[in-house]
Amino acid sequence: MNKESIIMQLKMLADQNGICFDEEILSKAVELAQFKVFPKGTTLKSIGDKAQQTAFVLDGIVRCYYIDGDGNDITRGFGFGGGMCIDEGMMGLSDHICMWETVDGSTLMLFDVRELKSLIMSSDSLKTIWIGLLEKALHYKIYRESSFLTENATERYLYFRKHHPQLCDRVPQKHIATYLGITPESLSRIRRTMREE
């Protein structure tokens with residue numbers, strides 16, 4: 001993949017996500033980044049690893065998850081086309097607090113956290129984009145918390161399907177279930193009921 005084709009792909013992903021980059025900034029970002037393709041099931045980061053690296057997902061799906069006291073994994077979220085992943089360092093944490101793995105083959109654009117933050121601070125347009133991404137992350141967090149207090153499992157699943165249709169058929173149902181805070185069996189019942197209606 002040459003630099004021009006990477007910049008074109010980044011522009012396309014930015015357009016899909018309503019973000020406007022100028023080509024000079026994209027070129028600087030490409031120069032800072034490492035590009036890697038990871039096979040399905042690759043552990044990218046583990047709990048306690050130093051959060052010195054962050055990434056954007058160019059292609060594929062990445063999942064982050066916690067391990068509870070009984071050893072079960074509980075999905076926190078997904079990163080996919082144009083989204084961030086392994087982002088704890090960008091949020092000011094020094095260590096990773098969850099596991100990161102590829103759900104399918106994934107192409108990532110990897111950055112050193114300090115270098116990316118420096119690039120962001122050097123550009124007013126990148127600062128504006130970063131503020132927008134932080135607001136989006138905060139909106140997501142507020143919705144996630146309130147949904148567990150005010151919505152039932154079916155409502156949470158319907159919201160997930162509406163806002164993430166690209167994940168519904170590509171992510172194992174057990175991961176979607178833990179993301180929704182339910183068992184895989186409960187998710188199967190919800191899906192079966194919806195098909196019958």
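Brief remarks on what is shown
- Descending semi-axes in Å of region 3-150, equivalent ellipsoid built from Cα gyration tensor: 25, 18, 15
- FRET efficiency for F148 and K28, using Cβ-Cβ distance with R0 set to 30 Å, rounded to 0.05: 0.15
- Ordered by the number of other Cβ atoms lying within 10 Å of each residue's own Cβ, fewest first, K162, K141, K28 fall into the sequence K162, K141, K28.
- The chain: relative contact order in percent, alpha carbon pairs under 8 Å with at least 6 residues between: 21 percent
- A simple charge model with +1 on the Cβ of Lys and Arg, -1 on the Cβ of Asp and Glu and nothing else charged puts the dipole of the chain at about 380 debye relative to its Cα centre.
- Along the axis of the charge dipole computed for the chain (Cβ charges of +1 for Lys and Arg, -1 for Asp and Glu, origin at the Cα centre), the listed residues L134, M99, G69 are led at the positive end by G69.
- The ranking of Y66, Y179 from fewest to most other beta carbons within 10 Å of each one's beta carbon is Y66, Y179.
- Alpha-carbon centroid distance for the pair region 121-154 / region 25-97, whole angstrom: 17 Å
- The ellipsoid equivalent to the alpha-carbon distribution of region 69-137 has semi-axes of 25, 14, 12 angstrom, derived from the gyration tensor eigenvalues as √(5λ) and listed largest first.
- Remark: for residue pairs K28/K117; K45/K174; K50/K117, the C-alpha separation exceeds 18 Å in K45/K174.
None of the figures in this text is laboratory data; all of them are computed from the coordinates on show. Nothing here was measured: the structure is a model prediction, and the numbers come from that model. No Cβ is skipped: glycine too gets one built from the backbone with ideal geometry, and neighbour counts run over all protein chains shown.
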